[in-house]
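The values are calculated or read from the model by the stated rules, or taken from the named source; none is laboratory data. Everything numeric here is computed off the predicted structure, so don't read it as measured data. Note that each Cβ is placed from the backbone with ideal geometry, even for glycine, and that neighbours are counted across all protein chains shown.
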Amino acid sequence: MHPLGNQTRTLGLLGWPVAHSVSPPMHNAAFKEAGLNCHYAAFAVPPNLVQQAVHGLAALGLVGANVTIPHKEAVIPHLDEIGPSARLVGAVNTIVVHADGRLVGHNTDGPGFMALLQDSGVDPAGRRCVVLGAGGASRAVATHLALAESSQVAVINRTVARAEEVVAQVAEAVGRDAPALLALSPHDSKTGTALRTADLIVNCTPLGMHPDVDSTPLPDLSILRDSCAVVDTIYHPQETRLLREAAERGLTAVGGLGMLVHQGALSWEYWFGRKGPAGAMMAAAGRALEAQG
Ligand code: NAP
């Protein structure tokens, strides 16, 4: 292991708040595993200082950064270039600082989600998918489910106008090969049918996330098909109420930690030209979450 010193190269996470992020222990364990003299820090960036923080990455000679809530869209105007992965979902979670100081934004959330599905043996091709929520995670998930040739993507959100925005963005990103796309409110007459016929349901709301662990976005799982798979993008706790009840109902239930690990491992491809060591990253992220209780 390299001691921190003048040769150590820095990376970090821009978010607000970031105090409980497991990305620093996850990436630092990966640097140790890979023998890289790098250090990853969490930077709490208030919304009014996003521009200064982004330009500071180049000024201070960082390798790059990840971006999390609430800055994934806000960083875009301050970057020199947006790669295709970020353009696809309109959000940046990975920034690369090039040798000439150019800042380029990418997004690994959607590919990270697809890698989680692959690990779990869930193939959305030809399947009817439901995405709960219409924020940043929903946009990445819905777009990549559509790109993976699912037959239908229904986005259900309490604010239906936001679900409509997600669906419009997916239609634009995927073009004429887009599957059937539905924007629904929880009370829409078509929502029951979408849930009853779903092959895959993905929670992209914070319902059930620590400390709100007694909440669930779907209180009644009895209506779901026996073959339905349920994925929760939440990773703290690793088993949410939704996942616990899905498993009790005999459904395939998959948590979000693998998505976090894969998006981080894929960020390495942009920074270092190779994927991060997912095994070491998973172990370190799991330990960090356990330590948080
Ligand atoms: P976001 O942009 O704030 O969107 C949250 C969505 O959830 C919005 O559509 C919001 O509805 C809905 N929502 C929030 N509170 C709700 C409530 N009480 N009842 C019903 N709907 C509610 O957040 P995000 O960035 O998409 O993140 C969403 C979740 O994904 C978080 O739990 C986060 O942990 C998870 N995530 C995981 C990963 C990973 O790597 N595993 C990556 C990204 C995100 P409105 O539109 O009506 O406000």
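Structure notes:
- Qualifying residue in segment 133-140 (condition: touching a Leu at 6+ places or on another chain (Cβ under 6 Å), surrounded by 20 or more Cβ atoms within 10 Å (Cβ to Cβ) and touching a residue at least 12 places away in the same chain (Cβ under 8 Å)): no
- A count restricted to segment 104-132 and to residues that are surrounded by fewer than 22 Cβ atoms within 10 Å (Cβ to Cβ), of a type in the set (A, V, I, L, M, F, W, C) and outside any helix (DSSP H, G or I) stands at 3.
- Cross-chain or 6+ apart pairs with Cβ under 6 Å, segment 46-71 first and under 22 Å from THR8 (Cβ atoms), then among the aromatic types (Phe, Trp, Tyr): VAL63/TRP271; GLY64/TRP271
- Residues in segment 216-230 that are more than 16 Å from the ligand (Cβ to nearest atom) and either on the phi > 0 side of the Ramachandran plot or surrounded by fewer than 21 Cβ atoms within 10 Å (Cβ to Cβ) (or both): LEU221, SER222, ILE223, ARG225, ASP226, SER227.
- Extreme residue, surrounded by the most Cβ atoms within 10 Å (Cβ to Cβ), among residues of segment 38-91 that are among the polar types (S, T, N, Q) and assigned to a helix (DSSP H, G or I): SER85
- Picking from residues in segment 192-208 that are in contact with a helix residue (DSSP H, G or I) (Cβ under 6 Å, 6 or more places away or on another chain) and outside any strand (DSSP E or B), the one that is nearest to the ligand (Cβ to nearest atom) is CYS204.
- Segment 95-129, residues that are more than 20 Å from VAL153 (Cα to Cα) and of a type in the set (A, V, I, L, M, F, W, C): ILE95, VAL96, VAL97, ALA99, LEU103, VAL104
- Test for THR197: is it under 17 Å from ARG225 (Cβ atoms), in contact (Cβ under 8 Å) with a residue 40 or more places away in the chain and surrounded by fewer than 18 Cβ atoms within 10 Å (Cβ to Cβ): yes
- Contacts under 8 angstrom Cβ, first residue in segment 143-168 being more than 13 Å from ALA194 (Cα to Cα) and among the acidic types (Asp, Glu), partner part of a helix (DSSP H, G or I) and more than 15 Å from the ligand (Cβ to nearest atom), 6 or more apart: GLU149/ASP177
- Top-ranked residue in segment 179-191 [being at pLDDT 95 or above and in contact with a helix residue (DSSP H, G or I) (Cβ under 6 Å, 6 or more places away or on another chain); ranked as farthest from ARG158 (Cα to Cα)]: LEU181
- Of all the criteria given as (1) modelled with pLDDT of 95 or more; (2) in contact with a strand residue (DSSP E or B) (Cβ under 6 Å, 6 or more places away or on another chain), the one not satisfied by ILE234 is (2).
- Residue list for segment 244-271, filter: out of contact with any helix residue (DSSP H, G or I) (no Cβ under 7 Å at 6 or more places or on another chain), surrounded by fewer than 24 Cβ atoms within 10 Å (Cβ to Cβ) and aliphatic (A, V, I, L, M): ALA247, LEU251
- Selection of segment 81-122 for residues being within 14 Å of the ligand (Cβ to nearest atom) and either among the acidic types (Asp, Glu) or in contact with a Phe, Trp or Tyr (Cβ under 9 Å, 6 or more places away or on another chain) (or both) yields THR94, THR108, ASP109, ASP119.
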